[in-house]
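Student: Have a look at this one before I ask anything.
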Amino acid sequence: QVQLVESGGGLVQPGGSLRLSCAASGSIFSNNVMAWYRQAPGKQREWVATITRSGNTNVAESVLGRFTISRENARNTVYLQMNNLKPEDTAVYYCKLIMGWNEYWGQGTQVTVSS
């Protein structure tokens with residue numbers, strides 16, 4: 001059984017910052033990939049960023065230069081540092097763990113960017 005628990009969401013003003021965390025527990029294989037997605041109201045879920053266990057990253061163009069993904073392998077935790085937040089970043093943010101053919105999702109954490 002694998003569980004993912006996100007935290008760190010909240011309300012922030014435009015231009016502000018937030019740091020999301022996602023901790024994975026259970027039977028975690030060492031060779032895995034972790035990612036962040038988000039879903040805004042009335043829109044489809046979209047990919048935000050991915051990081052491999054070795055630290056290779058990819059970030060969506062829409063957040064490039066503002067968001068940074070990182071991870072702590074010893075804690076099976078992935079982070080998303082979000083800077084210079086914009087109202088269009090408002091969404092529920094989900095983390096995903098990929099191990100082989102299996103994918104696991106967290107429950108999501110709400111990020112609201114508003115003045």
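The values are calculated or read from the model by the stated rules, or taken from the named source; none is laboratory data. The structure displayed is predicted, hence computed values, not measured ones. Glycine also receives a Cβ, built like all others from the backbone with ideal geometry; neighbour counts cover every protein chain displayed. Calculation scope for accessible area: heavy atoms of the full protein, side chains included, ligands and nucleic acids excluded. Shrake-Rupley method; radii C 1.70, N 1.55, O 1.52, S 1.80 Å.
Student: With +1 on the Cβ of every Lys and Arg and -1 on the Cβ of every Asp and Glu, and nothing else charged, how large is the dipole of the stretch 1-106 about its Cα centre, in debye rounded to the nearest 20?
Tutor: Computed about the Cα centre, the dipole is about 80 debye.
Student: Next question. Leaving out ligands and nucleic acids, note down the accessible area per residue over the chain with a 1.4 angstrom probe, in whole Å².
Tutor: That works out to 55 Å² per residue.
Student: Give me the distance in nm between label points sitting 7 Å out from Cα along the Cα-to-Cβ direction at Ser30 and Ala74, one decimal.
Tutor: 1.6 nm
Student: Can you list the residues of the stretch 85-108 with backbone N under 16 Å from a point 7 Å past the Cα of Arg66, pointing along Cα to Cβ?
Tutor: Within reach of a label on Arg66, which here means backbone N under 16 Å from a point 7 Å along Cα→Cβ, the stretch 85-108 contributes 85-93.
Student: If you don't mind, another one. Any idea what the alpha-carbon Rg over 2.2 N^0.38 Å comes to for the chain?
Tutor: Dividing the Cα Rg of the chain by 2.2 N^0.38 Å gives 1.01.
Student: Multiply the residue gap between Glu46 and Ser114 by 0.36 nm, knock off their C-alpha separation, and tell me the result in nm, one decimal place.
Tutor: 22.4 nm is the gain from fully extending Glu46 to Ser114.
Student: Only bridges with both residues in the chain count here: give the DSSP antiparallel percent, nearest 5.
Tutor: Taking every DSSP beta bridge within the chain, about 95 percent pair in antiparallel fashion.
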